[in-house]
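The values are calculated or read from the model by the stated rules, or taken from the named source; none is laboratory data. Predicted model, so just to flag it, every value in this text is computed and none were measured. Neighbour counts are summed over all protein chains in view; Cβ atoms, including those assigned to glycine, are modelled from backbone coordinates with ideal geometry.
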Amino acid sequence: MEDGVVLLHGILRTPLSMVGFARFFKKWGFRVLNLGYPSRKHDLAVLVNGIHDPIQRFRETFSGKIHFVGYSMGGLLIRAYGHRYHPVGLGRIVLIGTPNGGSEVADYLQKYPVYKWVFGPAGQQLITDQRGFQHLFSPLKAEVGIIAGNKSMPPFGFIMAGRENDGTVSVANTHLVGEKDHLTLPYPHEGLLTSRSVREQTLSFLRNGYFAKS
């Protein structure tokens, strides 16, 4: 029975950033939807509505489980989608570099007008104070695996000095209550997108429900 995987990129990115993941999962026999969305134009509540129809159409093309893999803010969108739509036949979920507890860098930058202009409404939902949008999330009814990076990179790694981080998100803030497994790898935030080991570990979780720790 064929399973499907929905891929969701991060803010300021496009499906091109997830092409490596798409090719990898197709090679391993999954149906793949590498889904784009206008990450700068809307907040998470509106973005969730926009991705529903293409996911529904994709779901009709196979009979197995539907898995989700999200990079950075794409993981928050998956969480919001699961809360609102409760997809039928939900499989496993992998969140990669996702600021589940918010990004300390977003806290630092949010006061600057240029940040608001570049990152848009959803950028304001990347902060650590989530009280204004916590209603968008609820515990996911699926096994969730989380991959974090701990190779801090300039220019913003200094903001999280003393805490493991990938230059954008601290490892501590990638954790999620109820997670099934968590893995930290030696990559910066951007490097998580291109690492073959991240793809292989994601495959391990989707297949087995755990990461292949050595």
Condition met for G50 (closer than 20 Å to S197 by Cβ and at pLDDT 95 or above): no
Any hit, the stretch 131-150, residues being surrounded by fewer than 19 Cβ atoms within 10 Å (Cβ to Cβ), touching a Pro at 6+ places or on another chain (Cβ under 7 Å) and modelled with pLDDT of 95 or more: yes
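Return yes or no: is N208 surrounded by fewer than 18 Cβ atoms within 10 Å (Cβ to Cβ) and among the polar types (S, T, N, Q)?
Values: surrounded by fewer than 18 Cβ atoms within 10 Å (Cβ to Cβ): yes; among the polar types (S, T, N, Q): yes.
Answer is yes for this residue.
Answer yes or no: is there a residue in the stretch 85-97 that is out of contact with any Ser or Thr (no Cβ under 9 Å at 6 or more places or on another chain), aromatic (F, W, Y) and under 24 Å from N34 (Cβ atoms). Reasoning before the result, please.
Here is the first cut: in the stretch 85-97, the ones out of contact with any Ser or Thr (no Cβ under 9 Å at 6 or more places or on another chain) are 85-88, 90-93.
Okay, now just the ones that are also aromatic (F, W, Y), so 85.
Adding the requirement that they be under 24 Å from N34 (Cβ atoms) leaves 85.
The answer is yes; a qualifying residue exists.
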Options F133, F156: the member that is within 21 Å of E190 (Cα to Cα) and of a type in the set (F, W, Y): F156
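What residue, among those in the stretch 156-200 that are farther than 17 Å from V94 by Cα and touching a strand residue (DSSP E or B) at 6+ places or on another chain (Cβ under 7 Å), is modelled with the lowest pLDDT?
Of the residues in the stretch 156-200, the ones farther than 17 Å from V94 by Cα are 156-168, 170, 186, 188.
Next cut, touching a strand residue (DSSP E or B) at 6+ places or on another chain (Cβ under 7 Å) only: 157, 160, 163-164, 166, 188.
Numbers: G157: 74, M160: 83, R163: 90, E164: 94, D166: 95, P188: 96.
Ranking the qualifying residues of the stretch 156-200, first place goes to G157.
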Qualifying residues in the stretch 51-65 (those that are free of Cβ contacts under 8 Å to residues at least 24 places away in the same chain and within 14 Å of G89 (Cβ to Cβ)) - the one surrounded by the fewest Cβ atoms within 10 Å (Cβ to Cβ): E60
Filtered residues of the stretch 12-31 (kept if surrounded by fewer than 21 Cβ atoms within 10 Å (Cβ to Cβ), touching a residue at least 24 places away in the same chain (Cβ under 8 Å) and not aromatic (F, W, Y)): L12, R13, S17, G20, G29, R31
Checking L47 against (1) out of contact with any Leu (no Cβ under 7 Å at 6 or more places or on another chain); (2) more than 25 Å from Q201 (Cα to Cα); (3) in a helix (DSSP H, G or I), the condition it does not meet: (1)
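Determine whether L76 is surrounded by 15 or more Cβ atoms within 10 Å (Cβ to Cβ), assigned to a helix (DSSP H, G or I) and either at pLDDT 95 or above or among the charged types (D, E, K, R) (or both).
Working: surrounded by 15 or more Cβ atoms within 10 Å (Cβ to Cβ): yes; assigned to a helix (DSSP H, G or I): yes; either at pLDDT 95 or above or among the charged types (D, E, K, R) (or both): yes.
Spelling it out, L76 is indeed surrounded by 15 or more Cβ atoms within 10 Å (Cβ to Cβ), assigned to a helix (DSSP H, G or I) and either at pLDDT 95 or above or among the charged types (D, E, K, R) (or both).
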Evaluation of L176 against (1) free of Cβ contacts under 8 Å to residues at least 60 places away in the same chain; (2) crowded, with 19+ Cβ neighbours inside 10 Å; (3) out of contact with any helix residue (DSSP H, G or I) (no Cβ under 6 Å at 6 or more places or on another chain) (one fails), failing number: (1)
Residues that are closer than 14 Å to V69 by Cα and small (G, A, S), drawn from the stretch 1-53: G4, G10, S17, G20, A22, G36
